[in-house]
């Protein structure tokens, strides 16, 4: 077998493409493997650097190939795209991955272990159920609005509409419509029970994880945000600074600078949308918290809100919270509340 020092692996469900080069950059391996052939092939291969695109099952293959003695790294697909020559196909993708993984300036995705992925599945399940509950409650609001029944936004308004549906004395909602709406009400209750079950499991994991409990000492960061950060980041040393972590989450401005004139815009939709949402909601909760008003962070937030719109201030605070989280994880310290000067 030719000895390759760097390989690019394009993964899929059943068909895998491998592209390997030697020390001089000459291609020595160009192969298509089935799923059953992949592990035996790399078990017989000499230890080398393997690049994989960030996609489904990428972390599984990183753990599997790393156990065979290889050095495996994951890269965002958008960073690999620039190295694809001519037409896009699996073989060209493997060649592009092989080229990209050897670049000294390439940025890599933190590899998650099985426990981290298990917690993230809990978070994603809760997020999915929450969105489904929102869809059902919006359907209830829309259907009852056709009969002139409206309620204020929020959980209190939903409870009020549910009481309208369960009240048998009201004649303005036909019996047929009431029967269909009761099905939606049962769906809301079932989803709420499942959401609560997911949250209880997340809280139990949070109580047993010292890093997650450490992040919960940050103002505006609760158990959900802390556990999601720990499960998504893992080793904070993979990020050179807190700003790099904030950029990984997507809390930095989008740039359109040219001609030496810097131009910053709003944040983009790149990065981890789930973490960005949790940090943003935690930052918004800080606006109503009075217990931090006399701290240095609270004074900074008060000054920022006097100069910037609320959403801009919330994004700036979420950015700062991400940087603080990196510092706490990097140095294994708890958040220290500093009084204002």
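Taken together, the values in this text are just the output of simple stated rules run on the coordinates, not laboratory data. Everything numeric here is computed off the predicted structure, so don't read it as measured data. Every residue, glycine as well, gets a Cβ built from its backbone with ideal geometry; the counts of neighbours run over all protein chains shown.
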task: At 7 Å along the Cα-to-beta-carbon direction for both residue 31 and residue 274, put a label point, then send me their distance in nm to one decimal.
output: 3.5
query: In what order do 198, 98 fall by count of nearby beta-carbon atoms within 10 Å, going from fewest to most?
result: 198, 98
message: Suppose each label sits 7 Å from its Cα in the direction of the beta carbon; what would the residue 14-residue 167 distance come out to in nanometres?
response: 5.9
query: Based on DSSP, what percent of beta bridges with both residues in region 1-68 are antiparallel, to the nearest 5?
result: 75
query: Over what distance in Å are the Cα centres of region 102-177 and region 234-277 separated?
result: 29
statement: Rg from C-alpha atoms of the chain, normalised by the globular rule of thumb 2.2 N^0.38 Å, equals 1.25
statement: Computed over region 33-189, the Cα gyration tensor eigenvalues, each multiplied by 5 and square-rooted, give semi-axes in Å (largest first) of 54, 17, 14
- prompt: Where does the chain land at 222 nm, in deg cm²/dmol rounded to the nearest 500, when only DSSP H runs of n ≥ 4 count, each adding -39500 (n - 2.57), divided by all residues?
  reply: -18000 deg cm²/dmol
- request: Let me have the relative contact order for the chain, percent, based on Cα pairs under 8 Å that are six or more residues apart.
  value: 12
message: P(r) for region 6-101, please, calculated from all Cα pair distances in 5 Å bins and given in %.
response: 3, 15, 27, 30, 18, 6, 1
query: What's the extension gain from residue 89 to residue 255 if we count 0.36 nm per residue and subtract their Cα-Cα distance?
result: 56.6 nm
